[in-house]
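Below is one structure, written out as structure tokens; the observations come after it.
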Amino acid sequence: MTLTSLAFYLFATVSVASAFMVISARNPVYSVLFLILTFFNSAGLFVLMGAEFLAMILVVVYVGAVAVLFLFVVMMLDIDFAELNEGFLQYMPIGATIGLILLLELLLIFGASTQLVSQSALPQATPEGMTNAEAIGRVLYTDYIYYFQAAGAVLLVAMIGAIVLTLVKSENPRRQSIAAQNARRREDGVELVDIEPGQGL
């Protein structure tokens, strides 16, 4: 067994185990921590596939922003864990049915993929002598540059709209006065007080 195969089985086993712990852990904080572990191991699988850009995005975006945001939100909420786990058994048949359907779909996909690989070799995702990040950058900033800019504009408008909708206007806002700041002297802001021993302010 090569080192690549050993790393694949290690990352895959930990990913599946931590993903199962995400939905089985009773404490939501533990679920988010297992989710972060799943993201890291999935990034390792992406690196083994040669998609280092996707691995970097997975770690930076999902682990660095989304999962940490989930963790802080869960920790700040006042959750009654006893009440949360009361209705767990009544949803067990539905969850088991959905899980069985997903398992069958995964087995069908795995069987089809093994037949595809055995029939012919899969084409390379990136050109020869080019990294994954460079190939994505060339396609994104040449063929899809207008769509990329349009998506950025839509996200910018959505961000500005969210700020405008949640902005609370004050009747007497405190504004900055540059002239007053420049005219301020040391005597206006510093006061020396001589305190005798044994006395307080």
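What ranking do 128-139, 14-25, 148-159 get when scored by the average of other Cβ atoms within 10 Å per residue, highest first?
Ranking, from highest mean packing down: 14-25, 128-139, 148-159.
How large a share of the accessible area of the range 124-181, in percent, is made up of carbon and sulfur atoms when the probe is 1.4 Å and the other protein chains stay in place?
62
Using a basic spin-label model with each label point 7 Å from the Cα along Cα→Cβ, how many nm lie between Ile98 and Leu3?
4.2
Quote the FRET efficiency, to the nearest 0.05, computed for Leu89 versus Tyr30 with a Förster distance R0 of 25 Å and r equal to the Cβ-Cβ distance.
Computed FRET efficiency for Leu89 and Tyr30 comes out at 0.80.
Could you calculate the contour length gain from Val157 to Leu192, that is, 0.36 nm times the residue separation minus the distance between their Cα atoms, to one decimal place in nm? Write out the running numbers ahead of the final one.
On the way: separation 35, 0.36 × 35 = 12.60 nm, distance 5.15 nm.
Additional length available on full extension: 7.5 nm.
Once R0 is set to 35 Å, what does the formula 1/(1 + (r/R0)^6) return for the Cβ-Cβ distance between Val66 and Arg184, expressed as a FRET efficiency to the nearest 0.05?
My answer for the efficiency is 0.20.
The values are calculated or read from the model by the stated rules, or taken from the named source; none is laboratory data. Values in this document were obtained by computation on a predicted structure and should not be read as measured data. Neighbour counts run over all protein chains shown; Cβ positions are idealised from the backbone, glycine included. To get the accessible areas, we keep the full protein, side chains included, count just its heavy atoms, and leave off ligands, DNA and RNA. Shrake-Rupley method; radii C 1.70, N 1.55, O 1.52, S 1.80 Å.
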